[in-house]
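Only one structure is covered here, and it is reproduced in the block below.
The values are calculated or read from the model by the stated rules, or taken from the named source; none is laboratory data. What you see is a predicted model; the values in this text were computed from it and never measured. Glycine also receives a Cβ, built like all others from the backbone with ideal geometry; neighbour counts cover every protein chain displayed.
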There are 2 protein chains.
Amino acid sequence: MIFTTKAEYGVRLLVELGRQPSDSPVSLKAIAENEGLPLAYLERIVALLKRAELVESTRGAHGGYRLARDPENVTMDEVVLALEGSVAPMSCFVDETDDGRVLCSHVDDGEACATKFLWLRVQGGVIEALRRTTLAELVAFSAKQDVAKTPLPLGDALPLHSNA
Amino acid sequence: MIFTTKAEYGVRLLVELGRQPSDSPVSLKAIAENEGLPLAYLERIVALLKRAELVESTRGAHGGYRLARDPENVTMDEVVLALEGSVAPMSCFVDETDDGRVLCSHVDDGEACATKFLWLRVQGGVIEALRRTTLAELVAFSAKQDVAKTPLPLGDALPLHSNA
DNA sequence: GCTTCTCCTACCAAATTGGTAGGATTAAGC
DNA sequence: GCTTAATCCTACCAATTTGGTAGGAGAAGC
């Protein structure tokens, strides 16, 4: 498994926020019900997105979360990095420099193992796929799916799928 | 984490076999010592490679394992598939058709969720990176590393790194 | 018949994951 | 100023996965 439910739920959450017509805050409770996800768990996940400054929050009654940026400017590599901590193909990859790209701890003196060569290539593939996908694209995709299924009353978001 | 140590150790094992000048069988014990890996665990891993017909074995004294094919014709997507079972980006991806590519179980009636769209893209990136890497390439890489470090007596394989 | 191998299966400890519980704190609306 | 609806924060917990060990049983060379 590459990603955990943190990434799954976190991305769903962002897509829900992106689907919102205005940018008035949306409560987690509403999102949890919409997506059929456990509220308490979502709270911990959204905290990761907030720390990464991908969402903003308003506390108190009628509060909630909204996107901190335009969906066009949010790429999935940032998102997954915020949610999962890093994109490491292998346990020998230890957090090192910059944006989720991590280096192998096996050999430090310039030498490299053959497996590192392979995992770096894989990691590159993952990060590139993430980087070229924007939140806006996912929002558009999910909107299209809705239209294809049922003409919805405007602003009424139905759950994309219900596990419950 | 994308892959577990099964992939790591399994690939190392194959590289070791590929480094062998002749194709007389090599015992797991030798490989375990060379790479500093636990023998009993390696036994279980090599069983996966054998089931996938990537290695062949000879039992009994002076037995061991050898590659079943030319390293040029062994691509890493087969290898990782054999070792890890599948390359699923997310738990909702359930084993389905063909070569490790799996489909989302969330929605079955033609509809799709936005996250599935994303994970499919990521999965594609991983599989493509694996598919374009051959065992021969990794063997060549590891040989080059050796030369760069110390001129070795021929046929004497030093450990690439020692954890022990 | 010893030794050196592959092979097989059951067990096990540690870590991770996915989730719950319980409560502060903050702000809107009356 | 009370109530209510929210974000925030932290500790706990059960299930699963992971990485590995143990203990053998068969095969083949010497």
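A:ALA61 passes every criterion in (1) within 12 Å of DNA strand D (Cβ to nearest atom); (2) in contact with a Pro (Cβ under 9 Å, 6 or more places away or on another chain); (3) part of a loop (DSSP other than H, G, I, E, B) apart from (2). Of all residues in the range B:4-15, those that are in the same structural domain as B:TYR41 (by TED's automatic domain parsing) have Cβ atoms under 8 Å from Cβ atoms of residues that are within 7 Å of DNA strand D (Cβ to nearest atom) and assigned to a helix (DSSP H, G or I), 6 or more apart or on another chain, in B:TYR9/B:TYR41. Note on the range B:34-50: residues that are in contact (Cβ under 8 Å) with a residue 24 or more places away in the chain and either more than 15 Å from the chain's Cα centre (by Cα) or more than 8 Å from DNA strand C (Cβ to nearest atom) (or both) total 9. In the range A:14-26 there is no residue that is within 15 Å of the chain's Cα centre (by Cα), more than 14 Å from chain B (Cβ to nearest Cβ), in a helix (DSSP H, G or I) and closer than 14 Å to A:ARG69 by Cα.
A:ALA112 satisfies every condition listed in (1) in contact with a strand residue (DSSP E or B) (Cβ under 9 Å, 6 or more places away or on another chain); (2) modelled with pLDDT under 50 except (2).
Sort through B:ASP70, B:ASP23 and tell me the only one that's more than 11 Å from DNA strand D (Cβ to nearest atom), acidic (Asp, Glu) and at pLDDT below 95. Please lay out each step first, then the result.
Details: B:ASP70 fails: at pLDDT below 95.
Being more than 11 Å from DNA strand D (Cβ to nearest atom), acidic (Asp, Glu) and at pLDDT below 95 holds for just one of B:ASP70, B:ASP23, which is B:ASP23.
Pick out the one residue from A:VAL11, A:VAL79, A:VAL87 that is more than 12 Å from DNA strand D (Cβ to nearest atom), modelled with pLDDT under 95 and aliphatic (A, V, I, L, M). Write out each step before concluding.
Working: A:VAL11 fails: modelled with pLDDT under 95; A:VAL79 fails: modelled with pLDDT under 95.
Step by step, each of A:VAL11, A:VAL79, A:VAL87 is checked, and only A:VAL87 is more than 12 Å from DNA strand D (Cβ to nearest atom), modelled with pLDDT under 95 and aliphatic (A, V, I, L, M).
For the range B:36-58, give me the residue count where each residue is of a type outside the set (Gly, Ala, Ser) and within 11 Å of DNA strand D (Cβ to nearest atom). Working first, answer last.
Taking the range B:36-58 and keeping what is of a type outside the set (Gly, Ala, Ser), we get B:37-39, B:41-46, B:48-51, B:53-56, B:58.
This time we only want the ones that are within 11 Å of DNA strand D (Cβ to nearest atom), so: B:37-39, B:41-45, B:58.
Residues that pass the stated criteria total 9.
When you look at B:VAL126, is it under 28 Å from A:LEU81 (Cα atoms) and either at pLDDT 95 or above or more than 9 Å from chain A (Cβ to nearest Cβ) (or both), yes or no? Spell out how you get there, then give the answer.
Values: under 28 Å from A:LEU81 (Cα atoms): yes; either at pLDDT 95 or above or more than 9 Å from chain A (Cβ to nearest Cβ) (or both): yes.
Yes, satisfied.
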